[in-house]
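The structure appears below as structure tokens.
The values are calculated or read from the model by the stated rules, or taken from the named source; none is laboratory data. Computed from a prediction, not measured in an experiment: that's the story for all the values here. Here the Cβ positions follow ideal geometry from the backbone for every residue, glycine too, while neighbour counts run over all protein chains shown.
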Amino acid sequence: MIDIEALRFSYPGSNSVLLDVARLRVEPGEKVMLRGPSGSGKSTLLNLMAGILEPQAGRVNVCGEDLTQKHESAARDFRVNTIGFIFQDFALLDYLNVEDNILLPYRINPSLKLDASVRARMNRSLEELGIASKAGSHPPHLSFGERQRAAIARAMIAAPKVILADEPTANLDKANALKTIELILSTTARDKAATVVVSHDESLASYFDRVIEMSALSAAKP
């Protein structure tokens with residue numbers, strides 16, 4: 001599902017390598033937590049998995065496709081069809097209501113077709129996530145938790161095979177952090193999506209099949 005090998009990445013102008021990953025593999029349906037302190041490259045690795053960033057060396061294979069060999073437009077089309085990304089800041093557009101935020105990938109990318117089945121999927125997600133009554137509301141009028149749930153629904157709308165979540169419990173108290181992780185994992189389990197969650201919260205580890213420390217990746221084995 002996700003297979004990374006001999007990956008090296010550094011930001012332009014930097015004299016140091018931020019990421020040096022010997023091997024990382026995530027199986028279909030597997031729930032993986034990437035853990036490490038701030039600055040360890042967790043979010044950067046997630047962006048490499050999504051094909052948003054390009055490594056200086058190595059291979060990033062997702063669902064049988066080598067993202068390092070795709071041009072920007074092809075990588076974008078692949079991402080929107082295959083990968084759901086839950087951003088730390090949600091990345092909702094204030095001028096769109098919840099329904100239009102969720103359907104946004106279908107509005108802006110011609111590789112996705114908006115039809116009755118997609119709308120039905122959205123309505124089901126809104127019900128499951130407990131925000132059906134907020135479908136016509138705009139993000140500034142939502143609570144933090146409601147915005148978070150809208151972001152989860154948008155990430156899942158295209159039935160992706162891979163879900164990537166960047167610090168989804170940041171700035172939450174323990175009780176709400178656990179609820180959020182339960183919500184994400186129960187939603188992704190429905191579609192048997194491989195799920196990679198970036199976090200530094202040790203209390204979440206028991207929810208995952210595997211916890212990977214960023215400091216251990218350079219010594220990772222197949």
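Of all residues being closer than 17 Å to Gly130 by Cβ and surrounded by fewer than 17 Cβ atoms within 10 Å (Cβ to Cβ) in segment 162-184, which is nearest to the chain's Cα centre (by Cα)? Just the residue, please.
Result: Glu182.
Take Ser218 and decide whether it is touching a residue at least 12 places away in the same chain (Cβ under 8 Å), surrounded by fewer than 19 Cβ atoms within 10 Å (Cβ to Cβ) and out of contact with any strand residue (DSSP E or B) (no Cβ under 8 Å at 6 or more places or on another chain). It would help to see each step written out before you state the result.
Values: touching a residue at least 12 places away in the same chain (Cβ under 8 Å): yes; surrounded by fewer than 19 Cβ atoms within 10 Å (Cβ to Cβ): yes; out of contact with any strand residue (DSSP E or B) (no Cβ under 8 Å at 6 or more places or on another chain): no.
Taking the combined requirement at face value, the residue does not satisfy it.
Hey, among Phe85, Phe78, which residue is of a type outside the set (Val, Ile, Thr), in contact with an Asp or Glu (Cβ under 7 Å, 6 or more places away or on another chain) and buried (at least 16 other Cβ atoms within 10 Å of the Cβ)?
Phe78
Name every residue in segment 100-132 that is within 20 Å of Asp191 (Cβ to Cβ), of a type in the set (D, E, K, R) and surrounded by 13 or more Cβ atoms within 10 Å (Cβ to Cβ), in order of residue number.
Arg119, Arg121, Arg124, Glu128
Does Ala153 fit the bill of being surrounded by 18 or more Cβ atoms within 10 Å (Cβ to Cβ), touching a strand residue (DSSP E or B) at 6+ places or on another chain (Cβ under 6 Å) and of a type in the set (A, V, I, L, M, F, W, C)?
Judged against the criteria, Ala153 is not a match.
Scan the strands (runs of 3 or more DSSP E) fully inside segment 149-222 and keep the ones with 2 or more residues being in contact with a helix residue (DSSP H, G or I) (Cβ under 9 Å, 6 or more places away or on another chain) and under 18 Å from Asn81 (Cβ atoms).
162-166, 194-199
Please tell me if Glu72 is under 21 Å from Pro28 (Cβ atoms), surrounded by fewer than 16 Cβ atoms within 10 Å (Cβ to Cβ) and of a type in the set (D, E, K, R).
no
Could you list all residues from segment 94-148 that are free of Cβ contacts under 8 Å to residues at least 12 places away in the same chain, closer than 23 Å to Asp166 by Cβ and not in a helix (DSSP H, G or I)?
Scanning segment 94-148 gives a single hit, Ser143.
Conditions tested, residue by residue: (1) surrounded by 15 or more Cβ atoms within 10 Å (Cβ to Cβ); (2) free of Cβ contacts under 8 Å to residues at least 60 places away in the same chain; (3) assigned to a loop (DSSP other than H, G, I, E, B); (4) not aliphatic (A, V, I, L, M).
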position: Asp3; (1), (2), (3), (4): yes, yes, no, yes
position: Leu7; (1), (2), (3), (4): yes, yes, no, no
position: Pro12; (1), (2), (3), (4): no, yes, yes, yes
position: Asn15; (1), (2), (3), (4): no, yes, yes, yes
position: Val21; (1), (2), (3), (4): yes, no, no, no
position: Arg25; (1), (2), (3), (4): yes, no, no, yes
position: Pro28; (1), (2), (3), (4): no, no, yes, yes
position: Met33; (1), (2), (3), (4): yes, no, no, no
position: Gly39; (1), (2), (3), (4): no, yes, yes, yes
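Would you call Ala135 exposed (fewer than 11 other Cβ atoms within 10 Å of the Cβ) and at pLDDT 95 or above?
no
Scanning for something part of a loop (DSSP other than H, G, I, E, B), surrounded by fewer than 20 Cβ atoms within 10 Å (Cβ to Cβ) and of a type in the set (S, T, N, Q), does segment 57-65 turn up at least one residue? Let's see the steps before the verdict.
So in segment 57-65, the residues part of a loop (DSSP other than H, G, I, E, B) come out as 63-64.
Next cut, surrounded by fewer than 20 Cβ atoms within 10 Å (Cβ to Cβ) only: 63-64.
Subset that is of a type in the set (S, T, N, Q): none.
Checked segment 57-65: no residue is part of a loop (DSSP other than H, G, I, E, B), surrounded by fewer than 20 Cβ atoms within 10 Å (Cβ to Cβ) and of a type in the set (S, T, N, Q).
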